[in-house]
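Enquirer: There's a structure below that I have some questions on.
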Amino acid sequence: MARLAQTPGLTDVQQSILETVRDFADKEIIPHAQRLEHADEYPTDILDGMREMGLFGLTIDEEYGGLGESLLTYALVVEQLSRGWMSISGIVNTHFIVAYLISQHGSAEQKARLLPAMATGEVRGAFSMSEPETGSDVSAIKSRAVRDGDRYVLNGQKMWLTNGAYSSVVATLVKTDTGAESVYGNMSTFLLEKEPGFGETAPGLTIPGKIEKMGYKGVETTEMVLDGVTVPDSAILGGADQVGRGFYQMMDGIEVGRVNVAARACGISIRAFELAVSYAQQRKTFGQPLAKHQAIAFKLAEMGTKIEAAHALMVNAARLKDAGQRNDVEAGMAKLLASEYCAEVVQEAFRIHGGYGYSKEYEIERLMREAPFLLIGEGTSEIQKTIISRGLLKEYKL
């Protein structure tokens, strides 16, 4: 059989892109990931290489200077980047989501002004829904935009922004009083533009500092404080007539994000398997390589099977979205299975390494700290189960 996580039916262009990214991960990411991650150092040189390859414009239409590739291509690229170092994929993830939101829901002016700069990586995107006290309950957000003439004034506190500092545009969900009966109809998405960096990066908009994390280092995760941020109504995603549509726009973006998290989980799982299968063939106990012991061989078999299953679900969810079909259930399934399996595969690889796996000299130690994040990002496993069960009950309703 072929190596794990192969994808049938790819075009020559897709194959070429993936080979280039895989080679980039092998030569430019993996050799430096341990040092950068342990130092929590921003990977500037790696990002410059990604800009040169045009990866920031991967899914942006060619008319705006991008490559015009599909969500499937994006997911497979993320898989390879995560195989190198998950933080690298995090840097492009929210950027891709914001680019997708602008491409799908933005006004003509927003597309023409923002997408060309986003395609080159000159302008980077961040995505902001969560708040300190909301967690998975999006309806409980407190940040608010109040109309003042032809402008809006925004106040509140947002949480868990990946790329919060280095981004220049933040797609931000806040409450607006539209008079809708549903709380979800009283939310709007604003494209808040700012300078990259920490501190007050736009009038009233402050990025306080970097949140220290167990893993997922190198890429910054931040808060965002809105204190009288004043923007024109043209800052609403899609323009003034899209006020009250923010929740539905963001959920469209979250479906993309869940495919991304599934792809990240697949990438980490693949790397964990590569490390485990290599170590198991080199390390000898009781006179023979670990891989010759049935207990270890069975672990490798289970790991490989889980990777194949997760990859297949991820590819299916991406292809459905590319076909213009709703994929909330499928994306939820992919995210659920891939993240849970990732945690299991990484732990088994860690066990195969024995005591060496606990050493910071070995890559598997880093993966052990990164994998748990995927159980939470873009919705916990419990949230995915809620989405999946609701979809199934709707389809099988008596």
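Enquirer: With a 10 Å cut-off between alpha carbons and a GNM built on the chain, which of Gly197, Gly90, Gly121 moves the most?
Expert: Gly197
Enquirer: Also, quick follow-up: Where the centre of each part is set by its Cα atoms, how far does segment 140-186 sit from segment 193-247, in angstrom?
Expert: 9 Å
Enquirer: Provide the FRET efficiency to the nearest 0.05 for the Gln294-Lys27 pair, computing r from the beta carbons and using R0 = 22 Å.
Expert: E between Gln294 and Lys27, to the nearest 0.05, is 0.05.
Enquirer: Excluding residues on the same chain fewer than 8 positions from Lys284, give the lysines whose Cα lies under 22 Å from its Cα.
Expert: Here the lysines satisfying the reach criterion relative to Lys284 are Lys292, Lys299, Lys360.
Enquirer: Mark the label point 7 Å from the Cα of Ala323 along Cα→Cβ and return the residues of segment 382-398 whose backbone N is within less than 18 Å of it.
Expert: 392, 395
Enquirer: Run the accessible area of the chain with a 1.4 Å probe and give the carbon-and-sulfur part as a rounded percent. Intermediate values should be presented prior to the final figure.
Expert: Working: 8960 of 17370 Å².
Of the solvent-accessible surface of the chain, carbon and sulfur hold 52 percent.
Enquirer: For n ≥ 4 DSSP H runs only, could you compute -39500 (n - 2.57) per run for the chain, divide by its residues and tell me the 222 nm figure to the nearest 500? Present the calculation step by step, with values, prior to reporting the outcome.
Expert: On the way: 11 runs with 195 residues, N = 398.
Helix contribution divided over all residues of the chain: -16500 deg cm²/dmol.
Enquirer: Using a ≥ b ≥ c from the Cα gyration tensor of segment 1-78 (square roots of the eigenvalues), is it rounded, prolate or oblate, where a/c under 1.5 gives rounded and otherwise the larger of a/b and b/c decides, a/b for prolate?
Expert: Here segment 1-78 falls in the oblate category.
Enquirer: For the charge dipole of the chain, defined by +1 on Lys and Arg C-beta atoms and -1 on Asp and Glu C-beta atoms about the Cα centroid, which residue among Ser167, Asn186, Leu275 has the Cα displaced farthest towards the positive pole?
Expert: Looking along the dipole axis, the top candidate is Leu275.
Enquirer: Separate question: Can you list the aspartates and glutamates whose alpha carbon sits under 20 Å from that of Lys385, skipping same-chain ones fewer than 8 residues off?
Expert: Asp137, Asp252, Glu255, Asp328, Glu330, Glu340, Glu344, Glu395
Enquirer: Could you calculate the contour length gain from Leu398 to Leu10, that is, 0.36 nm times the residue separation minus the distance between their Cα atoms, to one decimal place in nm?
Expert: 135.7 nm
Enquirer: R0 = 22 Å: FRET efficiency of Arg51 with Thr20, Cβ-based, nearest 0.05?
Expert: 0.95
Enquirer: Sticking with this structure for a sec: List the trypsin sites (Lys or Arg not before Pro) within segment 279-365 that fall in a DSSP loop (any state other than H, G, I, E or B) and whose Cβ has at most 13 other Cβ atoms within 10 Å.
Expert: When the trypsin sites (Lys or Arg not before Pro) of segment 279-365 are filtered for loop state and at most 13 Cβ neighbours within 10 Å, Arg326, Lys360 remain.
Enquirer: Name the shape class, rounded, prolate or oblate, that the alpha-carbon gyration tensor gives for the chain, where a ≥ b ≥ c are the square roots of its eigenvalues, rounded holds for a/c under 1.5, and otherwise prolate holds if a/b is larger than b/c and oblate otherwise.
Expert: Cα axes put the chain in the prolate bin.
Enquirer: Another question about this same structure. Set the Förster radius R0 to 22 Å, insert the Cβ-Cβ distance between Glu308 and Lys385 as r into 1/(1 + (r/R0)^6), and round the FRET efficiency to 0.05.
Expert: E(calc), rounded to 0.05, equals 0.50.
Enquirer: Pull out a ≥ b ≥ c, the square roots of the eigenvalues of the alpha-carbon gyration tensor of segment 109-172, then state rounded if a/c is under 1.5, prolate if not and a/b is larger than b/c, and oblate in the remaining case.
Expert: oblate
Enquirer: What lysines could a cross-link reach from Lys158, if we take a straight Cα to Cα line under 22 Å and drop same-chain neighbours fewer than 8 places away?
Expert: Cross-link targets: Lys142, Lys175, Lys194, Lys210, Lys213, Lys217.
Enquirer: Please identify the helices of the chain, taking whole runs of DSSP H, that span at least 27 Å along their own axis as judged from the Cα atoms and have a mean Kyte-Doolittle score of -1.0 or higher.
Expert: Passing helices, by number: 86-105, 246-282, 294-322, 328-353.
Enquirer: Continuing with this model, one more query. Select from Glu330, Glu109, Glu255 the residue whose mean-square fluctuation is largest in a Gaussian network model of the chain (Cα-Cα springs shorter than 10 Å).
Expert: In this elastic network of the chain, the residue with the biggest mean-square fluctuation among Glu330, Glu109, Glu255 is Glu109.
Enquirer: Suppose all protein chains stay in the model; what accessible area per residue would a 1.4 Å probe give for segment 114-158, in Å²? Write out the running numbers ahead of the final one.
Expert: Numbers: 1970 Å² over 45 residues.
In whole numbers, segment 114-158 has 44 Å² accessible per residue.
Enquirer: Quick check: pseudo-label points 7 Å beyond the Cα along Cα→Cβ at Glu212 and Ser278, how many nm apart are they?
Expert: Spacing of the two 7 Å Cα→Cβ label points: 3.2 nm.
Enquirer: Out of Val13, Val231, Val146, any idea which swings most in a Gaussian network model of the chain, alpha carbons joined below 10 Å?
Expert: Val13
Enquirer: Here's something else I'd like to know. Which distance in nm do the two modelled labels at Phe198 and Glu62 give, with both placed 7 Å along the Cα-to-Cβ direction?
Expert: Spacing of the two 7 Å Cα→Cβ label points: 4.3 nm.
The values are calculated or read from the model by the stated rules, or taken from the named source; none is laboratory data. In this text the structure is predicted, and so the values were computed from the model without any measurement. Glycine also receives a Cβ, built like all others from the backbone with ideal geometry; neighbour counts cover every protein chain displayed. Remember, those area values only see protein heavy atoms, side chains included, never the ligands or the DNA or RNA. Shrake-Rupley method; radii C 1.70, N 1.55, O 1.52, S 1.80 Å.
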